[in-house]
Structures are given as C-alpha cells and as structure tokens.
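In what follows, a single structure is set out as structure tokens and then discussed.
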Amino acid sequence: MASQEEVFKKLVSHCKEYGFVFPSSEIYDGLAAVYDYGQNGVELKNNIKKYWWDSMVLLHENIVGIDAAIFMHPTTWKASGHVDAFNDPLIDNRDSKKRYRADVLIEEQLAKIEEKINKEVEKARKRFGDAFDEQKFRETNPRVLEHQKHFDELHQRYSDAMNAMDLEMLKQIIVDEEIVCPISGTRNWTDVRQFNLMFSTEMGSTADGTTKIYLRPETAQGIFVNFLNVQKTGRMKIPFGIAQIGKAFRNEIVARQFIFRMREFEQMEMQFFVRPGEEMQWFQHWKEFRLRWHKALGLGDNKYRYHDHEKLAHYANAATDIEFEMPFGFKEVEGIHSRTNFDLSQHAKFSGKKIEYFDPELNQSYTPYVIETSIGVDRMFLSVLSAAYHEEQLDGGDSRVVLKLPPVLAPVKACVMPLVKKDGLPEKAREIVNMLKFDVKTTYDEKDSIGKRYRRQDAVGTPFCITVDHDTLNDNCVTIRYRDDMRQERVPIESLHGIITDAVDMKNLLRKL
Ligand code: GAP
C-alpha cells in the first residue's frame, strides 16, 4: 500500500494533469507558494464558495455580504496590530542558506518525539494482541516514560518562549535539541529574528510622494472598517453578521505542502456582532454550525476534530480550530475566534470615530463583541480533494483513479458521449448537452473507446456519464453510468434532467444545516 506521502505526491500531480491546480507562471519555473487554478479547479473552487456563501447569506436573514478592496488605508494595519505583531520568528542555516521558522523546527522536533512514543505503543500492541492495555503501557513502560518526559519539558520551554516571544530562548532550544538543517545536515544557525508577514507596496506617483500600503493579510479588517456603513444602511440589528470572500496575502517563510500554505490565498470570513456578555453562547453556536457545514459534505465524520487553543491572542477570549485529516495529518482548515470588542475599539481609537451600536432593547450604546468564523478556500479545496482521491483495482486486473467528490461540488456534473462518431449519434448527444447545460455544467466527449472516456471523467470526478447508442434513436433511452459504483442503467432521455439536478442540488445540502 502506498504511504500517505506517496498518495499526497500523486494527488499533487493529479491536480496538474487534470486541470485543477498549476504552479503559477510555470513557464518561468513557477513562483514559490503561488498557484493558479485550472479549468476544473476553478469550478470546484466556485462551488465551495457558493456552498459557504449560501449557508451564510442565504440561510441567515441577519447575515449580509460585502466585497471590500484588497488595498486599505495603512492605519488599518496599525490599529489591527498587524504592523507591530504579525511576525514569525525565523532562523537561517549558514551552510544551506535556507530559512526556517524557528517555531516550526521545534514543533517538528516535538512531533518526532511523539512518533517515537507511538512506535513503542504500536510494537507493544502487536506483541500483546487483545490483552494490550494501552493506558497502562503508556504509564509504566520506561522507554515511553523517558520520551514523554522529554516531550513535556520541551513543550513547556517552547510554550514559555512563544508566549514571551523570547527569541534567544527559541534559539537555545534549537541548539539544546541539536536540531539540524534538513538540507545541509549542520547546526550552523544564525540568531532568531522577527519577520513581518505582510507584503507592502507603494501607492501614488513619486512626484507627489508615495504612501506605503499593504496587501491585506486577512479579509476581516475590511468587514470591521465597514461595520457602521453596513449596520446603518442595512438597518441591521444585533446580533448580525457580515460575510466576505476574498484574497489575502502573507509572505510565509515556510511555504509548502502545496496549496495548504500559500503566499496568495483566499479566505471566507464572517464576523458576527453580538452583545457584550453573550459572546460565549454565540461562540458555541458558530463552533457547532461550522462543524455541521463540513460534515454535511459526507467526506467522513471521523476526518474532523476541534483543536481548542490554550494560548490565546491578547484580544481573544476563546478560539478553536476545525482540523481535517489531510494526507500529512490533522491540520487546521478553519478558525472560530471570539475576538471581544478589540478590533472595533482599535479602529475607533485610531480613526477618532465613534464606532458603537445603539441597542433599542437595552436603551444603551456599546461596542459590539465579535465571533469570527474564518476558513481558507484553498485549504477547504485541498481537504475535499484529498478525501475524494481514490485509486481502485477493478475486476479483470484494470485500475482507475477516481475523484469521489460530493456531486454538488464536482466541476463537471455530466458528460454526454455518443458510442460512435457517426450515424446521427453525435447530433443526438449534442441535443442532450443543450438540454442540460442551462442547469448543470455538462461536457461532450466522442474521442477514444467508451472505457477510456469513463476513466477520463472518473479522474475529474464527473458523477454522471451518459452514453447515446444506436437504440437511442429508436427508444429515446440512454445509458447513465454512475461514477462511484460504476453501475449502469437504461433511462429515458426525459428523466435525465431530474436525476442529475436532484443529485447536485445545493438545496439538499443546505437543508442538512
Ligand atoms: N481573520 C482571522 C484569520 O485570518 P487565521 O487563522 O490566520 O485567522 C484563517 O486564518 C484561515 O485562513 C486558516 O484557518 C486557513 O484556512 C487560511 N489560511 C491562513 N493562512 C493561509 C495560507 N498561508 N495559505 C492558505 N490558507 C491560509
């Protein structure tokens, strides 16, 4: 069986081969951690965005959307804290000239120790069989205890250093743990330095003087600075939310794992404004709602878990991640944060404007508290694709790669194929395409054998293939072939529209929420 790493490599090349994701400006050898979405990728991405948007704006009377500009007044980022504190600690290896995030190097070291413990446990499980008591083994085995002690001490030192952003301490941990550069294999490290993740550029011509502005590192601030505009023009009453989908930019030091960590990516964020003191109940509400949204796709309930934050940002009073089991382990896909009234208060302070809400029921004004749900479109895309990717052995020694995408998200819903390129079959097939294309993305394919055409559609995750044969001209029936179980059925042409639109209807998914 292929290792998870091998599966991931195959997934990355599958994405390129079948028009999902290409390296950016590839003819010039690409640009690190920047990617383009191809003809199938953009459809899948748009479907994910529609599912999110509809679940927020369509289903909730009290949530409205906006589309704020990427460029914002530079004071925005002073107020939000990004100019001063949106930093990663970085360290260089002098021999390989490679740059790393100091915190990532230490976290990888922690993961290695954890792996050693897990190996001991698995070895013992095999040895003892059914009689194995994992908890007792973990509490008594000397080797496990030794590793656990090492892990706990390191974890404590690391948390202390990160909480205090003590750069010398981070360096000392790397030295003490004898962490080597994966490229050069040496321990010739520089000191740890802070590195701001925001990209900046200049606005205005040099003759008039220029202003340094930033490419937004999150979409959320576009919502905060428009709080009053939306509240007043929409006559919104608390509690209410503002949703937005848009690009964000971060100059990530460790940018890898394909589209998991990119320098240009897309976020879907919703800020939900509530009465002070009611934030915890709304935090719980959105935590549950967001997990339901993920699970409704049917990718497997066991693939999700919450990760509650122990270390909170100074403005947050609760935070949790929804993690998804990617081929490289459980990873954050979405964050749900209770951000208090920090952002609105900061913008009030820096702009000199009063940013408050008059609550007619309480007959009082206050700065609303905020619950934020923030999900990366690209990470969502990666989680959907990694759950959908299957390599299957078929009867007769054949094999196929199939993307078992939720039909509602599939880039192409149906492909119509004439059995042969003559005898009026292509014309009949085109008629069916023309019937379906107003409701669902439909393609036409007449090249190669039917078997090869099925494989091509499996590879992009098309849920329905429709074959027109000679009998179709007499009985007006076609063969519909289902992607996941490869079942084939003879059905009248007039029933096709109903079968397909029913299976890919977003409403069915939204009703589960
Ligand atoms: N406004 C809150 C915020 O931006 P975050 O945890 O930094 O919070 C939210 O980001 C989500 O954005 C993450 O859960 C992830 O899905 C996505 N994201 C963040 N950085 C990313 C990157 N470099 N590449 C791809 N997605 C990213």
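Taken together, the values in this text are just the output of simple stated rules run on the coordinates, not laboratory data. What you are looking at is a predicted structure, and each value in this text was computed from that prediction instead of being measured. Cβ placement follows ideal geometry from the backbone for every residue including glycine, while neighbour counts extend to all protein chains displayed.
Charge tally for Glu115 (other residues, Cβ to Cβ under 11 Å; Lys, Arg +1; Asp, Glu -1): -1. Per-residue 3J(HN,Hα) values for region 463-476, derived from phi via the Karplus relation 6.51 cos²θ - 1.76 cosθ + 1.60 with θ = phi - 60°, read x, 10, 10, 10, 9, 9, 10, 4, 5, 4, 5, 9, 9, 6 Hz in sequence order (x marks Gly and Pro).
Tell me the net charge near Asp445. Cut-off is 10 Å between Cβ atoms, Asp445 excluded, with +1 for each Lys or Arg and -1 for each Asp or Glu. Walk me through the numbers on the way to the answer.
Details: positive: Lys447, Lys452, Arg453, Arg456; negative: Glu446, Asp448.
Charge balance near Asp445 sits at +2.
List, in the order given, every pair from Lys10/Lys98; Lys287/Lys512; Lys303/Lys512; Lys45/Lys247; Lys413/Lys452; Lys247/Lys507 whose Cα-Cα distance in the structure shown is over 20 Å.
Details: Lys10/Lys98 26 Å; Lys287/Lys512 16 Å; Lys303/Lys512 18 Å; Lys45/Lys247 13 Å; Lys413/Lys452 18 Å; Lys247/Lys507 27 Å.
Going by Cα-Cα distance, Lys10/Lys98; Lys247/Lys507 fall outside the 20 Å limit.
Applying the criteria of a DSSP loop state and at most 12 other Cβ atoms within 10 Å to the GluC sites (Glu not before Pro) of region 20-116 yields Glu61.
What separates the Cα centres of region 368-398 and region 134-196 is a distance of 31 Å. Here the contact order of region 87-196, divided by its residue count and restricted to Cα pairs under 8 Å and six or more residues apart, works out to 47 percent. Whole-Hz Karplus values for region 151-166 come out as 4, 4, 5, 5, 4, 5, 4, 5, 4, 4, 5, 5, 4, 8, 6, 8 Hz, taken residue by residue from phi with 6.51 cos²θ - 1.76 cosθ + 1.60 and θ = phi - 60°; glycine and proline positions read x.
Compute the helix-to-body angle for 493-503: its Cα long axis versus the longest principal axis of the chain, expressed 0 to 90° and rounded to tens. Roughly 10 degrees, rounded to the nearest 10. Label sites at Ser184 and Lys112, each approximated as a point 7 angstrom past Cα along Cα to Cβ, lie 1.7 nm apart.
Once you keep just the Cα pairs under 8 angstrom separated by 6 or more residues, what percentage relative contact order results for the chain?
On the way: 855 pairs, mean separation 72.2, N = 513.
For the chain, the relative contact order is 14 percent.
Taken one residue at a time, the phi angles of region 397-404 give Karplus couplings (6.51, -1.76, 1.60, θ = phi - 60°) of x, 6, 9, 8, 9, 10, 9, 8 Hz. Gly and Pro are set to x. With R₀ set to 60 Å, the beta-carbon distance separating Arg125 from Asp208 gives a calculated FRET efficiency near 0.25.
Restricting the calculation to alpha carbons of the chain gives Rg and Dmax of 26.7, 81 angstrom. Each Lys or Arg adds one and each Asp or Glu subtracts one; over the other residues with Cβ under 14 Å from the Cβ of Phe324, this totals -1. Close amide H partners of Phe240, meaning residues 5 or more places away or on another chain with modelled amide H under 5 Å apart, are Phe273.
Listed by chain and number, the aspartates and glutamates whose C-alpha is less than 13 Å from the C-alpha of Lys126, apart from same-chain residues fewer than 8 away, are Glu134.
What 222 nm value per residue comes from the helices of the chain, counting each DSSP H run with n ≥ 4 as -39,500 (n - 2.57) and dividing by all residues, nearest 500 deg cm²/dmol?
Details: 18 runs with 198 residues, N = 513.
Helix-only estimate at 222 nm: -11500 deg cm²/dmol.
Between 0 and 90 degrees, the angle of helix 342-351 with respect to the longest Cα principal axis of the chain falls at about 70 degrees.
So if we plug the beta-carbon distance of Asn476 and His60 into 1/(1 + (r/R0)^6) with R0 = 45 Å, what FRET efficiency do we get, rounded to 0.05?
Values: r = 44 Å, r/R0 = 0.98.
So the FRET efficiency works out to roughly 0.55.
Test of understanding: what is the full-extension gain from His73 to Asp395, defined as 0.36 nm times their sequence separation minus their Cα-Cα distance? Could you put the intermediate results ahead of the total?
On the way: separation 322, 0.36 × 322 = 115.92 nm, distance 6.20 nm.
Contour length minus Cα-Cα distance gives 109.7 nm.
Computed extension gain for Asn46 through Phe438, at 0.36 nm per residue and net of the alpha carbon distance, reaches 139.4 nm.
Against the chain, whose longest principal axis comes from its Cα atoms, helix 39-53 is set at around 60 degrees.
Simple spin-label estimate for Asp133 and Phe22 gives 6.1 nm between the two label positions (7 Å along the Cα-to-Cβ direction from each Cα).
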